[in-house]
Amino acid sequence: MSAAAESGARLRATLIGGTAVLMWGTLALLTTMSGRVPPFLLVALTFTVGFSLALAKWLILRDRGWRHLRQPVGVWALGIFGLFGYHAFYFTALRSAPAVEASLIAYLAPLLIILFSALLPGERLRWYHVLGAFAGLAGAVVLLAGGKGFGFQGIYWFGYLAAAACALIWSSYSVLSRRYAHVPTDIIGGYCGVAAILAILCHIAFERTIWPDGLEWLAILGIGLGPVGAAFYTWDHGCKRGDIKAVGAAMYLTPLLSTMLLIAFGRAVPTWALAAACALITGGALIAAGDLLKKRNGAVRARRVS
């Protein structure tokens, strides 16, 4: 493969991975529309929809999809650790600590993805990667604080610890998935199926059942099709074949997009913090994607010369 073709393929994979961020941006709005469904039941229902996406693909294309699920134990352990582990700790964090502080800690994940990526073969960590990551983190701080500051308190230590586990789990899952780049993305369907089973078991053990009603089912379907469905498939492709630093930095767009959607649907109000966060997060993402942009421009110049 020529340098130009390789650069183009890497850019396409990065953009595909970035669509996961767009879908995750709808999660808060759709969750507010899903009623009072308990967290683990919500995870079980939405991951079932996510599994159905893979099942539908296999049926439509007459693909023996089950063959994609024949993978080593390490592959399965990583996927379940990432998808189910993250959500289990995320909901635990939101139940055990104030949402703003818990969310901020969880959003250390993009920074950790960029830092951990330096451990991958062929990847190098440069100053602008770190600068872009911290700019995105600063944007998330401004957005979540909303000009009011934070109130970290020792009594919520367990929730803060769970939020830190979220960041560590998702970042390590994203980076380690590169190790299994040869594993087809169809395996995500298997991860979703197992996560749904584990979630329903946790629901039975820890929660009181409250089923969705009316249009709440549509919200749950939307979550399963997008942020807890297709997003995991595109994220897997982006992490395995794209610029993982750029994909990781793009995660900071999630709270920004989420807030903008909530404002558009009248569930939040615009503030100066939103404008400042937009500048910091967008700028940080572009800075962190420096390698990808330079390679792309170099490939374009090479084609013009030839």
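Each value in this text was obtained by applying a stated rule to the coordinates, not by laboratory testing. Values in this document were obtained by computation on a predicted structure and should not be read as measured data. Ideal geometry is used to build each Cβ from the backbone, glycine not excepted, and the neighbour counts take in all protein chains shown.
At a glance:
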item	result
Matching residues, the range 61-96, being under 21 Å from Thr31 (Cα atoms) and of a type in the set (D, E, K, R)	Arg95
Some residue of the range 18-40 being part of a loop (DSSP other than H, G, I, E, B), exposed (fewer than 14 other Cβ atoms within 10 Å of the Cβ) and on the phi > 0 side of the Ramachandran plot	no
Which numbered condition Leu59 misses (of (1) under 23 Å from the mean Cα position of the chain (by Cα); (2) surrounded by fewer than 22 Cβ atoms within 10 Å (Cβ to Cβ); (3) more than 14 Å from Val194 (Cα to Cα))	(1)
Residue within the range 73-96 that is of a type in the set (A, V, I, L, M) and closer than 30 Å to Ala275 by Cβ present	yes
Among (1) under 20 Å from Val228 (Cα atoms); (2) of a type in the set (A, V, I, L, M, F, W, C); (3) in contact (Cβ under 8 Å) with a residue 40 or more places away in the chain - the single one Phe116 does not satisfy	(1)
